[in-house]
Amino acid sequence: MGYRPTGGIEKPKKKTMSYQTLLTSIETGICIITINRPDKLNALNIQVFNDLDAAIDEVYDNPEIKSVIITGSGNKAFVAGADISEFMELKPEEAPKLAKRGQIVFDKIEKSPKPIVAAVNGFALGGGCELALACHFIYASENAKFGQPEVNLGLIPGYGGTQRLTQVIGRNRAMELLMSGNMITAKEAMEYGMVNKVVPAEELLSKTQEILTLIQSKAPVAVSKVIECVNNFDHTQQGYEFEIQKFGECFETEDMKEGAAAFLEKRKANFKGR
Ligand code: COA
């Protein structure tokens with residue numbers, strides 16, 4: 001991963017498990033997961049899904065990992081979609097299983113108690129756009145492009161795209177993107193509310209690391225409860241009730257007592273994640 005900026009200082013890197021189709025590293029608590037099939041524009045085949053599934057399990061289980069960046073290898077694509085070459089032999093009765101498999105992995109990303117941010121460094125098409133949308137938020141490089149071109153293949157998204165895209169950008173824009181298969185630029189994606197920040201390609205990882213470093217300085221249990229509450233967003237009373245419950249649970253944590261005490265004592269809080 002020679003393109004990763006180090007700011008001139010070599011940061012200590014920790015080892016993770018190794019994966020066939022992913023590059024992974026941990027620096028200052030941030031695990032960078034790079035989908036690594038650059039000659040196929042990082043298309044998601046079965047092996048990538050198996051590796052991503054295992055890597056996200058590692059994110060849940062490894063206490064060294066505090067937050068995650070998902071990005072793509074090379075400077076052309078984040079992920080150019082599901083691997084279309086696997087579709088030719090797929091029977092109608094097998095297709096729902098493939099979609100379900102993808103949805104389980106993307107759900108695990110969305111429900112991760114640790115922040116997961118997509119650093120979209122090029123094409124995020126089809127399953128790539130769905131993967132970015134499953135992350136908690138998205139930073140993008142100026143050359144990034146987003147789209148759901150499945151209709152060009154006689155398909156629709158199967159990894160949650162029709163649902164998450166509609167939730168994030170609204171019904172009418174989702175309808176247009178999904179029915180036309182058109183791509184939008186990073187700037188348009190930001191106007192749509194899909195992307196939080198657009199930066200020059202060479203700054204993408206450092207800017208994403210910067211926001212995660214800030215988030216990592218906050219109370220980890222509170223951050224995980226923010227993720228849970230936002231994921232449970234609901235127009236009915238249920239979302240508000242869920243928030244009340246999670247608010248109450250914060251008062252059971254040592255971090256809440258430490259955070260409040262630190263404020264009153266005019267010092268920096270020392271959160272333990274408990
Ligand atoms: N599945 C499998 N292979 C893919 C792929 C995908 N989704 N997207 C790109 N690739 C492969 C190409 O087949 C090509 O492989 P080859 O060199 O062995 O022929 C390689 O990646 C490079 O792609 P190429 O199409 O030559 O690059 P490009 O710059 O001309 O075009 C895209 C880039 C993204 C516009 C184009 O690759 C594309 O439209 N990809 C498919 C996007 C899509 O429909 N995704 C949704 C799938 S459900």
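Bear in mind that the values in this text are calculations on the coordinates, not laboratory data. None of the values given here were measured: they were computed from a predicted structure. Backbone-built Cβ (ideal geometry, glycine too); neighbour counts: all protein chains shown.
Bridges between two residues of the chain, per DSSP, are antiparallel at a rate of about 35%.
Counting lysine pairs in the range 164-243 that sit 8 or more residues apart in sequence, or on different chains, and whose Cα atoms lie under 23 Å apart gives 5.
For the range 232-274, the alpha-carbon coordinates run over 39, 18, 13 Å along the three principal axes, in decreasing order. Per residue, the Cα convex hull of the range 110-186 amounts to 77 Å³. Coupling constants for the range 96-113 follow from the phi torsions by the Karplus curve (6.51 cos²θ - 1.76 cosθ + 1.60, θ = phi - 60°), and in residue order they are x, 5, 5, 5, 4, 4, x, 5, 5, 5, 5, 4, 5, 5, 4, 8, 4, x Hz; glycine and proline get x. Remark: the chain carries a charge dipole of roughly 600 debye about the Cα centre, counting +1 on each Lys and Arg Cβ and -1 on each Asp and Glu Cβ. Placing unit charges on the Cβ atoms of the charged side chains and taking the dipole of the range 50-199 about its Cα centre, the candidate lying farthest along the positive direction among ALA118, SER85, MET190 is MET190.
Over all pairs of different C-alpha atoms in the range 24-81, the reciprocal of the mean inverse distance, the Kirkwood hydrodynamic radius, equals 11.8 Å.
Orientation-averaged projection of the range 39-127 equals 6.1 nm² [convex hull of Cα atoms, one quarter of hull surface area]. Over all Cα atoms in the range 50-188, the spread is summed up by Rg and Dmax: 14.8, 43 Å.
Considering helices alone, the calculated mean residue ellipticity of the chain at 222 nm is -13000 deg cm²/dmol, with DSSP H runs of length four and up weighted by -39500 (n - 2.57) and normalised per residue.
Within the listed set LEU23, LEU214, LEU177, the residue fluctuating most in the Gaussian network model of the chain (springs between alpha-carbon atoms under 10 angstrom) is LEU214.
Once the convex hull of the C-alpha atoms of the range 172-274 is built, how many Å³ does it hold per residue, rounded to a whole number?
149
Would you work out which of PRO96, ILE69, GLY158 lies farthest towards the positive end of the dipole of the range 61-172, given +1 charges on the beta-carbon of Lys and Arg and -1 on that of Asp and Glu, about the Cα centre? Toward the positive end, the furthest listed residue is ILE69.
Close Lys pairs in the range 28-122, defined as Cα atoms under 22 Å apart and 8 or more places apart or on different chains, number 9.
In terms of overall dimensions, the chain has a Cα radius of gyration and Dmax of 19.1, 65 angstrom.
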